Amino acid sequence: MRGLKDVAVLATLLLFTAPALAGSIGFLDAERAVATVKEGQAKLSEFEAWAEPERQRIEALRTRMNGLRQQINQQGAVAAEEALQELRNQELDARREYEDAARSFQRQLEVKQNEFLGEVAVKVGTVASEYGEANGFDAIFVLNAQPLVYVSESVDITDTIIKLYDERHPVSGG
C-alpha cells in the first residue's frame, strides 16, 4: 500500500512541476519575419524587379501558345490539312518553348530567392537566438516547420524579432 501511495505522490509532483521543468519556449514565423523586416521588404522589391521581365516573357509565350490553340480550334473544320498541320507544329513548338521557359524560370526563382533573402534569413535567426538567450528561453522553434496542433499567441515572438531586427539592421532610405 505504501508503494502505491508513493507513486501517487510522485505522479502529482510531476504533474505540477513538469511545466516548470519544461522551461520557456517561443515560436518564430521566420517567413513572415523575413518578408516583414525593412531589409527583407527591400530585398523582396529587388527580387520582384529581377523577376518581372522574365514573367512577362513567359506570359507572352503562353499567350502565343494559346493563340495558336485557338486558331487551330477555329480553323479545324475549314482549313486545308497541310495548313492545319503547320499550325499544330507551331503550337507544339510554342508549347515546348513555354514549358521549358517556365521550368527554367522556376529553378532560377528558387536560386535567386535564396540569393536575395538568404542573408536576411540568417540575420533573423541570429536576432532570434540572441533574443532567446537574453530572455531565458530554453528553445525557440520555427513556426510552420513542424505540424503543431496548438500554439498560443503568447509564445509567438515574431513581432518582437521583427522590431529588434529593424532596430539592429536599419535600411538606409527607408
- Query: Looking at the stretch 111-132, which of the residues that are without any contact (Cβ under 8 Å) to a residue 12 or more places away in the chain and within 18 Å of ALA145 (Cβ to Cβ) is farthest from the chain's Cα centre (by Cα)?
  - Reply: SER129
- Query: Restricting the stretch 60-92 to residues that are open to solvent by 80 Å² or more (accessible area, probe 1.4 Å) and among the acidic types (Asp, Glu), which is nearest to LEU109 (Cα to Cα)?
  - Reply: GLU86
- Task: Examine the stretch 24-39 for a residue that is surrounded by 16 or more Cβ atoms within 10 Å (Cβ to Cβ), of a type in the set (Phe, Trp, Tyr) and assigned to a helix (DSSP H, G or I), and state whether such a residue exists.
- Result: no
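With the structure loaded, tell me whether SER104 is within 30 Å of LEU68 (Cα to Cα), hydroxyl-bearing (Ser, Thr, Tyr) and part of a helix (DSSP H, G or I) or whether it fails that test.
Criteria met by SER104.
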- Query: When only residues in the stretch 133-153 that are at pLDDT 85 or above and under 23 Å from the mean Cα position of the chain (by Cα) count, which is farthest from GLU31 (Cα to Cα)?
  - Reply: ALA139
- Query: Does any residue of the stretch 104-122 turn out to be open to solvent by 60 Å² or more (accessible area, probe 1.4 Å) and among the hydroxyl-bearing types (Ser, Thr, Tyr)?
  - Reply: no
- Query: Which of the residues belonging to the stretch 134-174 are open to solvent by 80 Å² or more (accessible area, probe 1.4 Å), of a type in the set (D, E, K, R) and either free of Cβ contacts under 8 Å to residues at least 12 places away in the same chain or in contact with a Gly (Cβ under 8 Å, 6 or more places away or on another chain) (or both)?
  - Reply: ASP138, GLU153, ASP159, LYS163, GLU167
- Query: more than 30 Å from MET65 (Cα to Cα) and in a strand (DSSP E or B), is that true of ILE140?
  - Reply: yes
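The values are calculated or read from the model by the stated rules, or taken from the named source; none is laboratory data. This is a predicted model, so every value here is computed, not measured. Positions of Cβ are generated from backbone atoms using ideal geometry, with glycine treated the same way; all protein chains shown enter the neighbour counts. For accessibility, only protein heavy atoms count, side chains too; no ligands or nucleic acids. Shrake-Rupley method; radii C 1.70, N 1.55, O 1.52, S 1.80 Å.
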